[in-house]
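The structure appears right after this line, and notes come after that.
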Amino acid sequence: MKLENMNHQQRSKLIEIAKKGIIKNDPAHDFIHALQVMKNAEKIAREEGGDLDIVIPAALFHNFIDKPKNDHNWSNFKSKTESAKKAGEILSNIPEFSKGKIEAVKSAIMACTGSRNDSISLEGKIARDADDLEATGAMIIARAFISAGVMKRPICKLDDDPFCKNRKEGFYTLDYLATRLGFEDKMYTKTASEMAKKRNIFLRKFFEELETEMH
């Protein structure tokens with residue numbers, strides 16, 4: 001697949017917009033998260049192809065509007081819907097972005113929520129994989145405990161399978177992290193799957209060390 005490169009000046013402009021504009025309601029989905037997703041997306045696109053004019057803004061703006069996970073009036077779908085709308089407004093003021101590309105960016109953002117859908121665009125698959133990669137490895141440990149603090153979520157279910165090996169996920173931080181261990185099998189692209197597999201070597205070592213310390 002051919003990789004369509006973005007102008008460096010345009011890339012810097014979009015990064016600056018994201019840095020200034022991302023609503024800081026959820027520390028696990030802040031500008032750092034957006035920047036990491038963009039870097040992941042660029043790495044995937046170098047191997048898989050795709051249009052960076054779509055991939056980069058989709059990655060940067062996919063959580064432009066978000067709220068903490070303990071806000072019961074909010075949802076991931078609503079976050080992506082509002083973020084896609086905002087991305088469209090931002091890009092419509094940049095002459096280089098045609099209506100077609102703006103719609104493609106919005107579609108790629110919406111690909112970052114919901115069930116797997118193999119019919120989405122390559123750029124949508126890259127954006128989704130890039131976002132999901134932040135739910136693996138060392139980064140998900142950091143982000144999970146930030147969210148746990150906001151949500152007042154306990155570390156584990158101490159007296160009943162604390163590492164969630166033989167029960168359904170509950171309201172515990174280690175439960176959530178345990179569900180990330182097989183994420184390499186949920187990626188659309190081969191590149192992202194390989195990246196997730198490598199990252200989760202560290203996550204498995206974290207669980208092994210923590211289990212040793214807790215026994």
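Any read-out appearing in this document is the output of simple, stated calculations on the displayed coordinates, not a laboratory observation. Note that this is a predicted model, so its numbers are computed, not measured. Here the Cβ is made from the backbone with ideal geometry for all residues, glycine too, and neighbour counts use every protein chain on show.
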Tilt of helix 31-48 relative to the longest C-alpha principal axis of the chain, in degrees (0 to 90, nearest 10)? 70
With angles folded into 0 to 90 degrees, how steeply does helix 99-110 sit against the dominant principal axis of the chain? Use alpha carbons for both and round to 10. 0
Note: Ile32 to Lys168 extended length (0.36 nm per residue) minus current alpha-carbon separation gives 45.9 nm
Crossing angle, helix 122-133 versus the chain [Cα axis fit, 0-90 degrees, rounded to tens]: 30
Contour minus Cα-Cα distance for Ser119 and Ala142 (0.36 nm per residue): 5.0 nm
Amide N of the range 142-160 lying under 20 Å from the label point, which is placed 7 angstrom from the Cα of Glu213 along Cα→Cβ: 142-150, 152-160
Rank these for me by crowding, Leu174, Leu60, going from fewest to most other beta carbons within 10 Å. Leu174, Leu60
Convert each backbone phi in the range 76-93 into a coupling constant with the Karplus relation 6.51 cos²θ - 1.76 cosθ + 1.60 (shift: θ = phi - 60°), then list the ³J(HN,Hα) values in order as whole Hz, x for Gly and Pro. 4, 4, 5, 4, 5, 4, 5, 5, 5, 4, 5, 4, x, 5, 5, 6, 5, 9
Would you please give the residues with an amide H less than 5 Å from that of Glu4, counting only those at least 5 places away or on a separate chain, with H modeled from the backbone geometry? Gly50, Asp51, Leu52
Footprinting proxy, Ile155, Ile22, Ile65: sorted fewest to most Cβ within 10 Å, the residues are Ile155, Ile65, Ile22
Please find, in a Gaussian network model of the chain (springs between Cα atoms separated by less than 10 Å), the residue of Arg167, Arg116, Arg46 whose mean-square fluctuation is greatest. Arg167
